[in-house]
Amino acid sequence: MELRWLEDFLTLVDTRNFSRAAALRFTTQPAFSRRIKALEEWLGAPLFERAGQPVSLTEAGKQFRGVAEEIVRRLYQGREEVRFGSANAAGVVKFAATHSLSLTFFPRWIAAMELRGGIGNIRLDTGHAAMCVQMLQQGSCHFMLCHTHPSVDIGLDARHFLSVSVGSDRLVPVCRPDAEGKPIDSLDETAQRPPRYLAYAETSAIGRALENKLRHTETRIRLEPQFVSHLAAVLRSMVMDGRGFAWLPESDVARELEAGVFVRAGPARWDLDVDITLFRPRDPLSAPAEAFWRSVTQTPSMP
């Protein structure tokens with residue numbers, strides 16, 4: 001049994017796609033598939049139903065998921081404590097947050113939390129949603145912050161992780177205006193040409209929520225991604241350059257919309273309301289981290 005087999009398994013649980021999981025694990029799909037098969041042979045049971053797409057967990061896979069999360073988290077947590085020294089590590093409250101939230105929401109949220117009482121030393125690591133989930137599972141952080149939506153399973157079993165909503169946001173389709181102030185890429189079905197769609201990668205939780213919305217929205221418009229990234233900041237830059245439209249967090253583009261630098265590419269029916277959610281393991285954390293959690297759960301969510 002190898003640790004990387006467990007990490008492979010959890011990545012496939014998150015993505016539900018062998019090729020995407022292999023890319024995230026920096027290996028080829030055949031090599032990744034062989035490692036998943038090796039884990040199944042070691043356990044003596046198939047973990048995934050491979051007949052359809054996306055792949056799904058078997059009953060054995062569902063049973064093993066919590067075990068794998070716990071083993072990986074405890075191993076990495078132990079490594080962190082040994083590497084940095086338990087006394088030193090215990091005084092740092094460690095966070096993982098998606099790139100967009102680390103730039104927009106996190107600074108003002110943590111400042112508001114600090115006003116309620118000293119937090120002490122803070123460490124923030126960033127990445128795409130799947131990476132942040134892995135960091136929490138591996139014990140590399142105490143808390144993980146990301147956008148969530150009821151349509152998306154981000155891969156954290158409620159039996160082993162707690163969560164609380166700490167804010168809300170709205171994804172709105174935006175683009176650059178033309179000389180008359182009209183959107184250069186419009187979701188209006190009467191537009192002369194299809195809009196150039198700048199999409200989120202599959203590793204993005206809000207990207208998966210958007211794809212779910214698009215599947216259930218009646219429209220004659222066919223959206224074919226012209227560009228894909230897991231970073232909202234990259235999509236924002238592409239929009240700024242007039243390369244197409246993207247769904248961006250309203251909190252991130254409010255000033256541009258007010259100034260007319262960006263305009264809406266579609267009416268409110270295209271908007272998607274999302275939560276900003278903080279996750280933690282159910283296992284006891286360090287004293288500073290537990291004190292922070294108590295403060296968070298007694299504080300109203302931020303708008």
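Things worth noting here:
- Distance (nanometres) between label positions extended 7 Å along Cα→Cβ at His216 and Gln29: 2.9 nm
- Protection proxy ranking of 6-19, 267-280 - average other beta-carbon atoms within 10 Å, highest first: 6-19, 267-280
- Peptides 132-139, 60-67, 229-236 ordered by average Cβ neighbours within 10 Å, highest first: 132-139, 229-236, 60-67
- Peptides 42-54, 94-106, ordered by how many other C-beta atoms sit within 10 Å of their residues on average, highest first, read 94-106, 42-54.
- Computing FRET efficiency as 1/(1 + (r/R0)^6) for Ala233 and Arg123, where r is the C-beta to C-beta distance and R0 is 30 Å, gives about 0.90.
- The charge dipole of the chain, taken about its Cα centre with unit charges on the Cβ of Lys, Arg, Asp and Glu (plus for the first two, minus for the last two), comes to roughly 340 debye.
- Ordering Ser100, Met144, Thr58 by Cα displacement along the dipole of the chain toward the positive end leaves Thr58 in first place; charges were set at the Cβ atoms of Lys, Arg (+1) and Asp, Glu (-1).
- Farthest toward positive dipole pole in the chain [+1 Lys/Arg, -1 Asp/Glu at C-beta], among Phe18, Thr203, Ile221: Phe18
- Approximating the spin labels as points 7 Å out from Cα along Cα→Cβ, the Ala45-to-Ser168 distance works out to 4.1 nm.
- The chain: C-alpha gyration tensor shape, a/c 1.5 cut-off, then a/b vs b/c: oblate
- Loop sites in the stretch 163-230: GluC sites (Glu not before Pro), DSSP, at most 10 other Cβ within 10 Å: Glu180, Glu189, Glu218
Quick note: the coordinates plus some simple rules give every number you see, no bench work behind them. Note that the coordinates shown come from a computational prediction; the quantities given were computed from them, not determined experimentally. When we count neighbours, we look across all protein chains shown, and the Cβ atoms used for this are built from the backbone with ideal geometry, even at glycine.
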